[in-house]
1. Mean-square fluctuation check for chain A, GNM, Cα pairs under 10 Å: which of A:Glu208, A:Glu116, A:Glu45 is largest?
2. Mind running the shape call on the stretch A:84-124? Use the C-alpha gyration tensor, a ≥ b ≥ c as the square roots of the eigenvalues: rounded below 1.5 for a/c, prolate if a/b tops b/c, oblate otherwise.
3. Can you list the lysines whose alpha carbon is less than 25 Å from that of B:Lys161, not counting same-chain residues fewer than 8 positions off?
4. From the residues B:Gly182, B:Val87, B:Leu41, which one has its Cα farthest along the dipole of the protein assembly as shown in the positive direction, the dipole being from +1 and -1 charges on Cβ of Lys/Arg and Asp/Glu about the Cα centre?
5. What average number of partner chain Cβ atoms lie no more than 10 Å from the Cβ of the residues making up A:279-290?
6. Please compute the net charge surrounding B:Lys294, taking Lys and Arg as +1 and Asp and Glu as -1 over other residues with Cβ under 13 Å from its Cβ.
7. If you average the sequence gap of Cα pairs under 8 Å that are 6 or more apart and divide by the length of chain B, what percent do you get for the contact order?
8. Taking amide hydrogens as modeled 1.01 Å from N in the peptide plane, which residues meet the under 5 Å criterion relative to A:Thr66, leaving out close sequence neighbours?
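Throughout, read-outs are computed from the coordinates displayed, never taken from laboratory work. The structure presented is a predicted model; accordingly, all values stated were derived computationally and were not measured. Glycine gets a Cβ as well: all are built from the backbone with ideal geometry, and neighbour counts include every protein chain shown.
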Amino acid sequence: MGRRAESRPVERVVALAAYVSERAGSPPTRAEIVTDVPGYPEGDEANRKALRRDLSDLAEHFGIETDCDPAEDRYRLRRPFLTSDERRVLIAAATIAQVQGLGEPDPDDIGGGVDEYGRFIFITVPHRTLALFEAIRARIPVTFVYHGRTRTFHAYALGEMTSHWYVTGLEQESGGQRQFRIDRIESDVSPAGAPGSYEVPGDFDAPEAIRGVDPFRWGPDPKVTARVLLGADHVQGFVGEYGGTVVDHIDGDAVVEVEVAHYDAFRWRLLSFGTHARVLSPPALVDHVRSHLTSIVRT
Amino acid sequence: MRFDKIRQFEVLNAVLAAAEERGTVSLAEFAERFDVDLDALHRVVADAVLCEFKTSTGDVIGFTRSFLLTEDEHLVLDESHWLRDLVSVPPEPEAALRLLLAGSAASALAPAAVPPLDSALEKLRSALSAEVVVTDARPEWLPLVEHARRAHKRLRFRYVKDGHTEASDREIEPHIVFSKWGHWYVGGRPVGAETTPSFRIDRIISAEVSDEEFEPVDTPTIPEWFDLSAAEHSVRLRLPRGELTSLPRPHRLGEISELPDGLVEVEVVITGDRRLDHLLVILGPECEVLGPPKAIDRRRAYTEELLALY
């Protein structure tokens, strides 16, 4: 080819990737590579070093890793992480959806080069999410202030629930599993230990823990099944936001049953539906709502 | 700035990625963005897209089919970004998280399962080294609303407006479906109106697609924010400081005055009659509505109305 002396690093490294890829069915030896790919120097030691450097560049700068079987002296590309179809749909997703709160993507990230003008999905993540994400990945204890108290926390998982982001894990002060709404954290999230300081328990169920941020499920009160009478126009709003099941209908209204373990939270939610929602049973919950309303009238 | 090997790889990756994701890019744009000489950038890109090697039979193979480098210094994706096809390492965790969230949100709009998206999201999850739970927050009527928008057909629906408790019937030309502030919306022109309000899709109680077609608009806009100032109410409260976290959202707090007994006084601005009523009845007897007088009266009257249910 007569171009050996003119070859430049990018050209050689890219050609190396193309060549080893093209030879997937018959992995090449080093001797074949340095002969067929332009730009390698003469001499065994020199081209060995150059190839090693190029393979390192390929991995570090392009994310393309190779394996070499020392016995055979043959080079193979590792399996791609994503297929081209998978990457294509992720690019399409990044074209329409912008994630705000995680910082700007690098230009060579998947989705980092898309045009931003056609976006119509905007996902906002609280700005402390990234620090908690990194803490979970590295298993680093963190501290932060929440409801005026400093907490030391072993974060296990992050999650989004009813349009809010939560972190769940083990609070060291109480020794119990806790969930915190991230946008209500009142301080920076600071490291409070070394990486690898804790393990996430093997039986930890992240989806269940995030769903459990709903105070209907983890509250301090004896768990009961509430029966709520809802106007027909409000059933979807109630069930969509707070869960529950329609079990009956009365004169066009619906009876919804929902588990409740936090009576104050239940009352707060029930009253947001005004006269379109009434708790029918159990008596403890009916009394809870009635006595609250009575106390206001008496003031 | 020195255009050394590492920098060449960095800029090349960015240019090739943008070409794949946009279809075409101007080298001049990237030369300026990365502060490198255009000729040098051209040379590096040409080296990559015109690279060649020999086969075992001695034939010279050029990898020129994936990108085109035009005479006016644009890089155009012709077939595929073959270098990216070979990437074996997962995206960096932050990028993987961003893609996971974008992909999960986009999947809500798909009328049917998209297997490559599902498998890509599964791979991203495995690469995070952290559990991130993203709930499927697709409102029940989103697929139908999106169908109406794509078909350019009017949409009839029953709707509970923000801050209200009564439902009403609407008919709109759905111009755009979008997701913002954690909710899905449809923006469009109500029949007979000139404005294009937005409706939260999870507040739609029932919906159907009309046979009436409409002329789509070229550039439907997504609102920066909703101006709800006309529906704002202002109430002055005296309450325990801890109660501030239980006020209905969204709201704005004025200056908080600390009182000696652990109470605070504050002006609260809240939007909509429904949210005001909610605010007035969730406050316990230890909370006092100081004004305006009509809010004090409203609290009593509304509480008595609710109490009558029991």
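1. Comparing A:Glu208, A:Glu116, A:Glu45 in the GNM, the peak value goes to A:Glu45.
2. oblate
3. Correct list for B:Lys161: B:Lys153, B:Lys180, B:Lys294.
4. So the residue furthest toward the plus end is B:Gly182.
5. On the way: counts 2, 0, 0, 0, 0, 0, 0, 1, 1, 0, 4, 4.
Mean shielding count: 1.
6. Values: positive: B:Arg236, B:Arg298, B:Arg299, B:Arg300; negative: B:Asp273, B:Asp277, B:Asp297.
Around B:Lys294, the charge tally is +1.
7. About 10 percent, as a whole number.
8. A:Arg78
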